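Okay, so here's the structure we're looking at.
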Amino acid sequence: MSKDPALVLKDIHKTFGDHEVLKGISLEAHDGDVISILGSSGSGKSTFLRCINLLENPTKGEIQFNGEALQLKQGEHDLIAADMKQLTRLRQKIGFVFQNFNLWPHMTILQNVMEGPLHVLNRPKKEVQEYAEYLLNKVGIADKKHMYPNQLSGGQQQRVAIARTLAMDPQILLFDEPTSALDPELVGEVLGVMRGLADEGRTMLIVTHEMSFAREVSSEVVFLHQGLVEEQGTPEKVFGSPDSERCKAFLSTVF
Amino acid sequence: MELDFSVVIEYLPRLLSGTWMTIKLVLLSIVLGAIVALPLALARISKNPLISGLPFAYIFFFRGTPLLVQIFLVYYGASQFEVVRESFMWPVLREPFWCAIIAFTLNTSAYTAEIFRGAIQAIPEGEVEACKVIGMTKTQMYRRILLPRAFGIVLPAYGNEIILMLKASALASTITLLDLTGMARTIIARTYTPIEIFLAAGAIYLLISMVVIYIFRLVEKRQNRYLGTQSIKVPDKG
Ligand SMILES: Nc1ncnc2c1ncn2[C@@H]1O[C@H](COP(=O)(O)OP(=O)(O)OP(=O)(O)O)[C@@H](O)[C@H]1O
Ligand SMILES: [Mg+2]
């Protein structure tokens, strides 16, 4: 018996008002896949990524984790979760890293990282703290654990945000342009952490404008254009000899 | 004319007992008001018009009508109904003190609910999404992150509301209560020294306000150490 894919997205549509942003996107991620999602601004990358854990509600489509279908029902404008218990349970398994970090500013770095495992997963405090400290060490912020987010640089905050996400032991990691809000000199430290995660064999979906990074770490690259998959394949294929003229044009502007 | 402040010394014990009444009125109604305000604010945030409609009407009424009218409605109005006079609530509703507490609580809860709502809605959407993506339920989200976070945002406006309540509490004297203002008036009726006594009462109000401001500054400083300054605008009591 073959294992179900970690994540299956089928024919995802999303409309804001009368603006159709996603026009039917399908994608599969197997354990260990690192999939980069590229595309020009406004092509629907963030919207697509946010539909996966229902931060944004798709208007049509199917979502499956390890073969388990996310229960959806028709809402007023779009599909909404039919079973909130299932949604929160699945969300615990899907890490999400935001462009703007979104750390909780009134809590220390350590508290930010411990919050999820301690109060959502109800793990014992001692164990959670040890794990949080291990993760902060891993992303290189161990010495700042008692500081508050606003006392850290953007790159450091993003690394904390990654540690906070890892603390939940997610099976899949979603990144929405994790380095776009950073000063250029801080991008490298975050990409370094992410490269480490890819090397560990983690399953990742990464929306990014960092082309050389995407080329190095990805097992698959998807190029979105106006809400549709325009080009898809290995990094060699997409970066080396894309079929799509638009993809070629896009790559020539960013390289 | 000559001012003679020895009356202030002479009547200081009575002024202080009025002060104590004022403090009791303000403290009780502020605490009860906050307890009423929290569910009001949460209901008001709801996207469901059936849930947000009622608190909206409540807040609209209590902010849109004079506090004095609300006090009179409770004090003179309640006794007009036989059901009230015969109910177990009558021993309470007969007392001017409790009438004032009820009117103040209802009034301040409407303002406080708006302050709470403003604070919760001032939390950046991204911080709320950070709760969602780790699989928090709504209850966990509010209890663990949003309410503690809102607490820091709410402080300046809430301190302001307490001071407004302190000043508004002078209206309690219109229903025979001997709060600071009521006490000042009875003293003046006897001594005919309105300037001295009202100045003394004013000074005591000022002193209490200063203590409130000071306490809130301290808490705010502690709470918002690393947040930078944040505050929300709230409408003044009309
Ligand atoms: N909440 C919303 N309401 C209305 N329109 C939206 C909303 N969110 C996104 N859009 C629109 O959907 C389109 C796709 O947006 P999206 O953020 O997914 O693009 P993107 O590919 O992530 O772009 P970028 O590279 O700039 O982040 C844009 O035209 C945007 O204006
Ligand atoms: Mg985006």
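The values are calculated or read from the model by the stated rules, or taken from the named source; none is laboratory data. A quick note: this is a predicted structure, and the numbers were derived from the prediction, not measured. Note that we place each Cβ from the backbone using ideal geometry, even for glycine, and neighbour counts take in every protein chain shown. Accessible surface areas use protein heavy atoms only, side chains included; no ligands, DNA or RNA. Shrake-Rupley method; radii C 1.70, N 1.55, O 1.52, S 1.80 Å.
Of note:
- Diffusion constant of the protein assembly as shown at 4 °C, which comes from Stokes-Einstein with the Kirkwood Cα-pair radius and 1.567 mPa s, µm²/s: 49 µm²/s
- DSSP bridge orientation in the protein assembly as shown - percent antiparallel, rounded to nearest 5: 55 percent
- For B:Ile23, the shell of other residues with beta-carbons less than 14 Å away shows a net charge of +1, using +1 for Lys and Arg and -1 for Asp and Glu.
- Per-residue HN-Hα couplings for the stretch B:75-82 [Karplus 6.51, -1.76, 1.60; θ = phi - 60°; Hz; x = Gly/Pro]: 6, 8, x, 4, 6, 6, 9, 4
- Helix runs (DSSP H) in chain A reaching 15 Å along axis by Cα, Kyte-Doolittle at least 0.5: A:184-199
- Relative to the Cα centre, the charge distribution of the stretch B:80-238, modelled as +1 at Lys and Arg Cβ and -1 at Asp and Glu Cβ, gives a dipole magnitude of about 440 debye.
- Helix-only CD estimate at 222 nm, as mean residue ellipticity for chain A, using -39500 (n - 2.57) per DSSP H run (n ≥ 4): -9500 deg cm²/dmol
- The phi torsions of the stretch A:12-22, fed into the Karplus equation with coefficients 6.51, -1.76 and 1.60 and a -60° offset, translate into couplings of 6, 10, 8, 10, 9, x, 10, 9, 7, 8, 10 Hz, rounded to whole numbers, with Gly and Pro shown as x.
- Only Lys, Arg, Asp and Glu carry charge here, each on its Cβ (+1 for the first two, -1 for the last two); on that basis the protein assembly as shown has a dipole of about 1440 debye about its Cα centre.
- Top positive-direction residue, dipole computed over the stretch B:6-227 with Cβ charges, set B:Tyr158, B:Leu106, B:Thr19: B:Tyr158
- Two-decimal Rg to Rh for the stretch B:107-238 - Kirkwood Rh, Cα set: 1.15
- Shown for the stretch B:6-227 is the translational diffusion coefficient from the Stokes-Einstein equation, using the Kirkwood radius over Cα pairs, a temperature of 4 °C and a viscosity of 1.567 mPa s: 66 µm²/s.
- Between the stretch A:213-235 and the stretch B:132-169, the C-alpha centres lie 44 angstrom from each other.
- Using a cut-off of 18 Å between Cα atoms, the listed pairs A:Lys45/B:Lys47; A:Lys14/B:Lys132; A:Lys14/A:Lys60; A:Lys10/A:Lys45; A:Lys93/A:Lys138; A:Lys125/A:Lys145 include A:Lys45/B:Lys47; A:Lys14/B:Lys132; A:Lys93/A:Lys138 as exceeding that distance.
- In chain A, the DSSP beta bridges split such that about 55 percent are antiparallel, to the nearest 5.
- Residues in the stretch A:139-175 occluded by at least 10 Å² - accessible area, probe radius 1.4 Å, against chain by itself: A:Tyr148, A:Asn150, A:Gln151, A:Arg164, A:Met168
- With one equal scatterer per alpha carbon and no solvent term, the Debye-computed log10 I(q)/I(0) for chain A at 0.09, 0.13 1/Å reads -0.40, -0.85.
- Expressed per residue, the C-alpha convex hull volume of the stretch A:41-100 stands at 104 Å³.
- Averaged over A:95-102, number of beta-carbon atoms from partner chains that fall within 10 Å: 4
- Residues with amide H under 5 Å from that of A:Thr203, placed H, sequence gap 5 or more: A:Gly32, A:Leu173
- Taking amide H atoms as placed 1.01 Å from N in the peptide plane, the amide H of A:Gly44 has no partner under 5 Å among residues 5 or more positions away or on other chains.
- Across the accessible surface of the stretch B:6-227, with the other protein chains kept in place and a 1.4 Å probe, carbon and sulfur atoms take up 70 percent.
- Reduction of at least 30 Å² in accessible surface, 1.4 Å probe, comparing all protein chains with the chain by itself, residues of the stretch B:139-156: B:Gln140, B:Arg144, B:Ile145, B:Arg149
- Evaluated with a Cβ-only charge set (Lys, Arg +1; Asp, Glu -1), chain A carries a dipole of roughly 640 debye about its Cα centre, given to the nearest 20.
- Rounded to two decimals, the Cα-based Rg/Rh of the stretch B:29-114, with Kirkwood Rh, is 1.03.
- Placed amide H near A:Leu7: partners under 5 Å, 5+ positions off or other chain: A:Ala29, A:Asn66
- A convex hull fitted to the Cα coordinates of the stretch A:62-204 yields 133 cubic angstrom per residue.
- Each other residue within a Cβ distance under 13 Å of B:Phe151 adds +1 if Lys or Arg and -1 if Asp or Glu, for a net charge of +3.
- Axial C-alpha extent at least 18 Å, average Kyte-Doolittle at least 0.0 - helices from chain B (DSSP): B:6-45, B:49-64, B:96-122, B:147-168, B:194-223
- Phi angles of the stretch A:66-75 translate, via the Karplus equation with coefficients 6.51, -1.76, 1.60 and θ = phi - 60°, into HN-Hα couplings of 6, x, 8, 7, 6, 6, 10, 9, 6, x Hz per residue; Gly and Pro are given as x.
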